[in-house]
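Participant: My questions will all concern the structure given below.
The values are calculated or read from the model by the stated rules, or taken from the named source; none is laboratory data. Keep in mind that what you see is a predicted model, and the values were worked out from it rather than measured. Neighbour counts are summed over all protein chains in view; Cβ atoms, including those assigned to glycine, are modelled from backbone coordinates with ideal geometry. Quick note on the areas: whole protein, heavy atoms, side chains included, nothing else; ligands and nucleic acids left out. Shrake-Rupley method; radii C 1.70, N 1.55, O 1.52, S 1.80 Å.
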2 protein chains.
Amino acid sequence: MIQGYDPRTGEPAGDPVPETTDAEVDAIAQAAAAACGPWEQAGPDGRAAALEAVASALDGAAAELVAVADTETALGTARLTGEVARAIGQLRHFAGAAADGGYADAVASPGGDGVPGLRRVNRPIGPVAVFAASNFPFAFSVAGNDTASALAAGCPVVVKAHEGHPQTSVLTARIVTEALAGAGAPAGTFAVVFGVEAGVRLLKHPAIAAAGFTGSVRGGMALAAICAQRPVPIPFFGELGSVNPVVILPGAAAARPGDIAAGYAGSLTLGVGQFCTNPGLLFVPASGGERLLPAIAAAVEASAGGPMLTARIHDSFSASVAELGARPDLAELAEGQPGRGPWSATPVVFRTGLAEFAAGLPGLAQEQFGPAGLVIIYSSVSDLLPVLARLGGNLAGVVQADETSAADMELARQVADVFARTVGRVVFNGWPTGVVVTEAQHHGGPWPASTAPAYTSVGAAAIRRWLVPVAYQDFPDQLLPAALSAGN
Amino acid sequence: MIQGYDPRTGEPAGDPVPETTDAEVDAIAQAAAAACGPWEQAGPDGRAAALEAVASALDGAAAELVAVADTETALGTARLTGEVARAIGQLRHFAGAAADGGYADAVASPGGDGVPGLRRVNRPIGPVAVFAASNFPFAFSVAGNDTASALAAGCPVVVKAHEGHPQTSVLTARIVTEALAGAGAPAGTFAVVFGVEAGVRLLKHPAIAAAGFTGSVRGGMALAAICAQRPVPIPFFGELGSVNPVVILPGAAAARPGDIAAGYAGSLTLGVGQFCTNPGLLFVPASGGERLLPAIAAAVEASAGGPMLTARIHDSFSASVAELGARPDLAELAEGQPGRGPWSATPVVFRTGLAEFAAGLPGLAQEQFGPAGLVIIYSSVSDLLPVLARLGGNLAGVVQADETSAADMELARQVADVFARTVGRVVFNGWPTGVVVTEAQHHGGPWPASTAPAYTSVGAAAIRRWLVPVAYQDFPDQLLPAALSAGN
């Protein structure tokens, strides 16, 4: 049984949810396979209408969803209300993408003179397994971005719910299933399974054609290995760990120490630090940063901790912080106010020098999931650049510069050039947290940020993960699929 | 040492080529890493000019290249002359793609009202390892499609030469290296390594960011596993095995048995059957096919074999044919004329019924690399469809129908619908061999046709394998890369 807990008390919350049995997983996977044809044939407009119906149903149940999720995650009603709205927005975004049909990328190369004519179009890859995240009970969970984008692409979806919010998952699944059925989606288009074993069995099932995952490096690599070792290997799109380096340039450090310190502490402690875009590494100049370090210390000291999502996440964070605290090459810069309850995390920031940091790689560049940061003091950007290049792939990298300083802007160019090769998103004078859902978004990056660096798990291009091309050679119009026969 | 052989005699041809040492592989990989920045900064026009220079240099040396390759492969001067032209055409195609810049897929999402603005662009993934194929000494070898597309994308390339044509590889490499240097490409942009161990070391080198491969399922899966198990996993784009099922519908079988038989025998024996698009499985109707089977037998009997590329390929083919010949569920339909020399293959076609074939899956749907075919006699298309759906992924699938027959066209729709889910390219009234290089081409397909079903190894979209996106958030114009700063 999967038991949810209230992170504020550590006590069980809601009824336990049974783990999905082997026979149930097999039946769900087979139903998804059977739904492939009908769901594709529902067409762009049919799928768009069904996604709109899901969005509306979630909207109607938003208050109930937030209440259940708040009990299971302690993320707070404000954040969770916003996250339900985000999930609804994502569903509507992909409903629009489905209706638009541009994802089909239809292209024709006319033949002639003995050269065959070809028309190519993207088709759904088949049933998709989605592994839900702990830290986004709506936006990256049962009805999250992977589900929305895969359904829009024409793929049936089977979600493996996260153990951290079982009742939220049950409720969301019921709403989604009913809305899809009401909109005429074929049976088998959507289902949820519960339990780690059920998730592994699902991933190994011959009917599953691709998988999406948001979570830890260790969990993601284990699932990636399963996908690679299947008798028929399948694509695995994992969004894994990230430390999201932030570089404060000398001009910026001198010009606005208070803003930077406040922005950093806010980004570090947002959602109790439980974001894959958390600013784990902050590079601060030795010269120019005289007022910045005290400002950071003050901002962190004023920040407050809170309950983490699960006991496991809390224990892992506590162990990481203890390990960092025991290192002779790090010193504690500041600690925030402790949160309440047994699973609470206290914000903490360590400091070290660039040489010590470089000597501690790759260990010091590993993600600590929670509100723990490391400030690294550098003497010159020319020393810093090769160290930045040695960090693993990251979802985001930030450079903070004084736009009125020509020296800062030239250094920013150099830092951005390194980030362009090592992170998925480069941010100027901002913070890594906050990933907007727009056409140009790229939420991915080189390993370990992602297992598939060409793909994004947020934004319009996320639908591309669930599509494969097929080319038709010398086909008569009457036999072509609709996306190709209408012309092009 | 890598010794080339003349397949017509089995005797050594040309001097042996030394295997690349560990130290040399490391130096080559590091030089490729060092070339990343300069080669990207050469810009679309600079790279286009360099690729044009390579194309012109190969054109100037075409006769010499063909002569060396004919000695090492016995593919014949006509085919090889065409293949050099194809390789040159591919280089020019990707020179055009580089200059055009559309591959950058630049897109902007303006911000405002607290929403950050984003601009996304594709960048080169980094140094690419290319594993050359045995059966295309030019088009999928040292200066083949993987090399051309990766260089165009802005990636340095290190080719692992195929053991089957070492002198052809040495000569091609010299021409490419000199042409690139003459065009001002940075040192390290291109190199070739020799030997299986060198190839494995190359693939494991931290500097390598992605790999392309054309070859067998076994070889490809071994390399894919190496890529997945690296400390930093990298994308692997393998084009593996394929049996390319061909379905002859009753109307077509009745209307043009002679044409079909001639087309089949021609496609099966082209290049001594050594194509990944060879028509390994031919499905023939029991009713309507009365004249087709004898016509096929006659066409195959009139066809001629020839020397295979390597002793290993020959031995493997001989063993496969012996194994098929010994099966009680298959009967020999026809045998062609033997070729000459110790490594010669003789065309052979077996026959069986649909039920026997289905019972023999998946073994009977495995690729036999060479001029061996299996004709499967089916009673009804409704029986055939589920069997087609059980075949593994294939590069191509063919349906042959009588366009004047409404019954055939309806059946063709049903067959094409199955193929659309199981093959990369569906051909109407043609043959699977012959893969044109055009915008709409898709040479890939579900596993084992490809290890990355969203990608093609032929045609304009092949460049996408070597690109990864990066998004710039709230960046000032002056710091954006050229592809983004000019507007968009």
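Participant: Kindly identify residues of segment A:91-118 having a loss of at least 20 Å² in accessible area between the isolated chain and the assembly of all protein chains, probe radius 1.4 Å.
Facilitator: Flagged in segment A:91-118: A:Asp105, A:Val107, A:Ser109, A:Val115, A:Pro116, A:Leu118.
Participant: While we're looking at this one, here's another question. Output the 0 to 90 degree angle, nearest 10, between the alpha-carbon long axis of helix B:77-100 and the longest principal axis computed from the alpha carbons of chain B.
Facilitator: 40 degrees
Participant: Kindly provide the helix-only [θ] at 222 nm of chain B, computed as the sum of -39,500 (n - 2.57) over DSSP H runs of four or more divided by all residues, to the nearest 500 deg cm²/dmol?
Facilitator: Value at 222 nm, helices only: -13500 deg cm²/dmol.
Participant: Relative to the longest principal axis of the C-alpha atoms of chain A, give the angle of the C-alpha long axis of helix A:217-229, reported between 0 and 90° and rounded to the nearest 10°.
Facilitator: 30 degrees
Participant: So, counting K/R as plus one and D/E as minus one, what does the shell of residues with Cβ under 11 Å around B:Asn135 add up to?
Facilitator: Summing Lys and Arg as +1 and Asp and Glu as -1 gives 0.
Participant: How high is the relative contact order of chain A, given as a whole-number percent (alpha carbon pairs under 8 Å, six or more residues apart)?
Facilitator: 18 percent
Participant: Select from A:Phe131, A:Val232, A:Val196 the residue farthest towards the positive end of the dipole of chain A; place +1 on Cβ of Lys and Arg, -1 on Cβ of Asp and Glu, and compute about the Cα centre.
Facilitator: The residue sitting farthest along the positive end of the dipole is A:Val232.
Participant: Arrange the residues B:Arg79, A:Arg312, A:Arg123 by how much accessible surface each exposes, largest first, with a 1.4 angstrom probe.
Facilitator: A:Arg312, B:Arg79, A:Arg123
Participant: Given axes a ≥ b ≥ c from the Cα gyration tensor, I'd like to know whether segment B:343-445 is rounded (a/c under 1.5), prolate (a/b larger than b/c) or oblate. Walk me through the numbers on the way to the answer.
Facilitator: Details: a/c = 1.55, a/b = 1.07, b/c = 1.45.
It is oblate, given that a/c is not under 1.5 and a/b is not larger than b/c.
Participant: How far, in nm, would the chain grow between A:Ala286 and A:Gln478 when pulled straight, counting 0.36 nm per residue and subtracting the alpha carbon separation? Don't skip to the answer; put the middle values down first.
Facilitator: Values: separation 192, 0.36 × 192 = 69.12 nm, distance 7.02 nm.
Extending this stretch completely gives an extra 62.1 nm.
Participant: Starting from a label point 7 Å past Cα on the Cβ side, list the distances from B:Glu410 to the same position in the other copies, nm, shortest first.
Facilitator: 7.7
Participant: Label-point separation (nm) for B:Asp100 and B:Ser56, each offset 7 Å from Cα along Cα-to-Cβ?
Facilitator: 2.2 nm
Participant: In addition: Note down the nm distance, to one decimal, between modelled labels 7 Å out along Cα→Cβ at A:Arg327 and at A:Ala420.
Facilitator: It works out to 3.1 nm between the two label points.
Participant: In degrees from 0 to 90, rounded to the nearest 10, what is the angle of the helix B:62-73 Cα long axis to the longest principal axis of chain B?
Facilitator: 50 degrees
Participant: Using a 1.4 Å probe on the protein chains only, how many percent of the accessible area of the protein assembly as shown belongs to carbon and sulfur?
Facilitator: It is 56 percent, rounded to a whole number.
Participant: What is the Å³ per residue value for the convex hull set by the Cα atoms of the protein assembly as shown?
Facilitator: So the per-residue Cα hull volume is 154 Å³.
Participant: Say a label goes 7 Å from Cα toward Cβ at B:Ser56 in every copy; what distances in nm does this one have to the rest, shortest first?
Facilitator: 6.4
Participant: Which lysines, if any, have their Cα less than 25 Å from the Cα of A:Lys204, not counting same-chain residues under 8 positions apart?
Facilitator: The qualifying lysines are A:Lys160.
Participant: Here's a follow-up. Over 21 Å apart: what share of the alpha carbon pairs of segment A:275-413 falls there, rounded to a whole percent?
Facilitator: That tail contains 45 percent of the Cα-Cα pairs.
Participant: When the solvent-accessible surface of protein heavy atoms is calculated with a 1.4 angstrom probe, in what order do B:Cys36, B:Cys155 fall, highest first?
Facilitator: Order by accessible area, largest first: B:Cys36, B:Cys155.
Participant: Mark the label point 7 Å from the Cα of B:Arg230 along Cα→Cβ and return the residues of segment B:427-445 whose backbone N is within less than 12 Å of it.
Facilitator: none
Participant: Which FRET efficiency, nearest 0.05, do B:Glu178 and B:Ala63 yield, Cβ-Cβ r, R0 25 Å?
Facilitator: Working from the Cβ atoms, E equals 0.90.
Participant: In what sequence, largest accessible area first, do A:Ser141, A:Ser344 appear using a 1.4 Å probe?
Facilitator: Ranked from most to least accessible, the order is A:Ser344, A:Ser141.
Participant: Oh, and also: Show me you know the interface measure: the accessible area buried between A and B, both chains summed, probe 1.4 Å, in Å² to the nearest 100.
Facilitator: 4800 Å²
Participant: Report Rg (one decimal) and Dmax (nearest whole number) for segment A:163-317, counting Cα atoms only, units Å.
Facilitator: Answer for segment A:163-317, Rg first and Dmax second: 21.8, 64 Å.
Participant: Taking the axis that carries chain B onto chain A, what is the nearest Cβ in chain B, and at how many Å, to the whole number?
Facilitator: Residue with the nearest Cβ, plus whole-Å distance, for chain B: B:Ala228, 2.
Participant: To continue, here is another question. Which net charge results for the neighbourhood of A:Cys276, defined as the other residues with beta-carbon distances under 10 angstrom from its beta-carbon, given Lys and Arg at +1 and Asp and Glu at -1?
Facilitator: Spelling it out: positives minus negatives among the neighbours equals -2.
Participant: Using a cut-off of under 19 Å, list every residue of segment B:44-83 whose amide N is near the label point 7 Å from the Cα of B:Thr9 along the Cα-to-beta-carbon line.
Facilitator: The answer is B:66-77, whose backbone nitrogens lie closer than 19 Å to the label point.
Participant: Between copies, how close do the B:Asp45 label points come, placed 7 Å along Cα→Cβ, listed in nm from shortest?
Facilitator: 4.8
Participant: Shifting gears a bit: Taking a probe of 1.4 Å, how large is the accessible area per residue of chain B, in Å²?
Facilitator: It amounts to 34 Å² per residue over chain B.
Participant: How high is the FRET efficiency from A:Asp259 to A:Ala187, r the C-beta distance, R0 51 Å, rounded to 0.05?
Facilitator: That gives a FRET efficiency of 0.40.
Participant: Using all alpha carbons of chain B, what is the percent of pairwise distances in each 20 Å bin, ordered from the shortest bin to the longest?
Facilitator: All Cα pairs considered, the percentages come to 24, 51, 23, 2.
Participant: With an 8 Å Cα cut-off and a minimum separation of 6 or more residues, compute the relative contact order for segment B:80-225 in percent.
Facilitator: 25 percent
Participant: Hey, another quick one. Grab the other residues whose beta carbon is less than 14 angstrom from that of B:Pro44, score K and R as +1, D and E as -1, and report the net.
Facilitator: -3
Participant: Once you put a point 7 Å from the Cα of B:Arg79 and another 7 Å from the Cα of A:Arg413, both along the Cβ direction, what distance in nm separates them?
Facilitator: So the two model labels end up 5.3 nm from each other.
Participant: For segment B:1-84, what does the alpha-carbon gyration tensor say about shape, rounded, prolate or oblate, given a ≥ b ≥ c as the root eigenvalues, a/c under 1.5 as rounded, and a/b over b/c as prolate? The partial results should precede the final answer.
Facilitator: On the way: a/c = 4.20, a/b = 1.40, b/c = 3.01.
Oblate is the answer for segment B:1-84, as a/c is 1.5 or above yet b/c matches or exceeds a/b.
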